[in-house]
1. Check D57 against each of (1) among the acidic types (D, E); (2) assigned to a loop (DSSP other than H, G, I, E, B); (3) open to solvent by less than 10 Å² (accessible area, probe 1.4 Å) and name the one condition it does not meet.
2. Working only within segment 72-94, note down all residues that are buried (at least 19 other Cβ atoms within 10 Å of the Cβ) and either without any contact (Cβ under 8 Å) to a residue 60 or more places away in the chain or acidic (D, E) (or both).
3. Looking at (1) of a type outside the set (K, R); (2) touching a Gly at 6+ places or on another chain (Cβ under 7 Å); (3) more than 21 Å from D77 (Cβ to Cβ), which is the only condition P120 fails?
4. Can V148 be described as aliphatic (A, V, I, L, M), in contact with a Phe, Trp or Tyr (Cβ under 8 Å, 6 or more places away or on another chain) and under 17 Å from G52 (Cβ atoms)?
5. Considering only segment 12-54, how many residues are aromatic (F, W, Y), part of a helix (DSSP H, G or I) and touching a residue at least 60 places away in the same chain (Cβ under 8 Å)?
6. For segment 155-181, give me the residue count where each residue is closer than 19 Å to L140 by Cβ, crowded, with 19+ Cβ neighbours inside 10 Å and without any contact (Cβ under 8 Å) to a residue 40 or more places away in the chain.
7. Being at pLDDT 95 or above, over 23 Å from R129 (Cα atoms) and either in a helix (DSSP H, G or I) or among the basic types (K, R) (or both) is the requirement here; does L6 meet it?
8. Can you pull out the residues in segment 133-153 that are among the basic types (K, R) and surrounded by fewer than 18 Cβ atoms within 10 Å (Cβ to Cβ)?
Amino acid sequence: MFGERLELAERFVAILADTGVSHGLIGPREVPRLWERHVLNCAVIQDAFPDGARVVDVGSGAGLPGVALAIARPDLDMHLVEPMLRRTTWLDAVVTELGLSGVTVHRGRAEELAGTVEAPWVTARAVARLDKLARWCVPLLSPGGTVVAMKGRSAAEELEEDRRALARLGLATAVVSEHGAEVLEEPVLTVDLTFGPTRSSTRGGRTTTGRRSGKGPRRGASGPGTSGPGPTSV
């Protein structure tokens with residue numbers, strides 16, 4: 001999963017077990033299962049993103065999944081969004097200590113960063129239900145972008161329950177994807193929500209549901225980034 005960057009992943013786990021606990025980002029009881037339940041659990045969703053993709057991690061907290069993804073996929077342009085100062089200070093220190101040049105930390109709520117941070121891909125882990133999460137994430141998406149929401153066993157059920165609310169936000173397609181079956185006892189599920197160009201429309205678009213495996217080649221590579229006044233995007 002981490003290849004030649006395994007040592008970086010080990011250092012990240014050591015940081016989580018140390019200052020991650022003392023700063024209240026990780027519970028002491030989670031330390032024995034940091035690898036499987038947290039770091040590896042997050043890294044396996046790397047196959048959801050194309051080569052060189054710009055990805056925003058909303059509510060990054062302890063850098064999960066953002067830092068784990070950045071270690072496993074140094075090609076990603078990763079942006080960590082977190083509103084709490086003590087957490088962003090910790091994240092900045094971790095990024096510096098691990099030498100993760102492709103990671104940028106943003107302090108603020110997702111809704112406050114709309115118009116400043118924009119990407120074709122947004123991800124989040126255990127932040128909120130899909131309807132609320134989408135309201136926070138969609139303003140950060142480039143037109144036609146996708147939210148990759150990490151969810152538990154009830155992913156498909158939650159998607160069905162929140163379908164109408166998601167449709168009002170301009171949902172185009174929705175798929176439950178499976179990741180990491182080859183390395184984890186229980187695969188990780190994500191709900192992949194793609195929103196159409198008219199994502200602010202009150203009339204929802206077509207939605208499709210199902211389950212697909214996250215295994216296989218990455219989706220088409222993203223183009224070069226742009227920078228300047230206003231939102232930055234790929």
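1. Of (1) among the acidic types (D, E); (2) assigned to a loop (DSSP other than H, G, I, E, B); (3) open to solvent by less than 10 Å² (accessible area, probe 1.4 Å), only one is false for D57: (2).
2. If the condition is that a residue be buried (at least 19 other Cβ atoms within 10 Å of the Cβ) and either without any contact (Cβ under 8 Å) to a residue 60 or more places away in the chain or acidic (D, E) (or both), then R73, L76, D77, M78, H79, L80, V81, E82, L91 are the ones that fit.
3. Among (1) of a type outside the set (K, R); (2) touching a Gly at 6+ places or on another chain (Cβ under 7 Å); (3) more than 21 Å from D77 (Cβ to Cβ), the lone unmet condition for P120 is (3).
4. Spelling it out, V148 is indeed aliphatic (A, V, I, L, M), in contact with a Phe, Trp or Tyr (Cβ under 8 Å, 6 or more places away or on another chain) and under 17 Å from G52 (Cβ atoms).
5. 1
6. 6
7. yes
8. R135, R153
The values are calculated or read from the model by the stated rules, or taken from the named source; none is laboratory data. None of the values given here were measured: they were computed from a predicted structure. Using ideal geometry, Cβ is built from the backbone for each residue, glycine included, and neighbour counts are taken over all protein chains shown. Note: accessible area is taken over every heavy atom of the protein model, side chains too, but ligands, DNA and RNA are not part of it. Shrake-Rupley method; radii C 1.70, N 1.55, O 1.52, S 1.80 Å.
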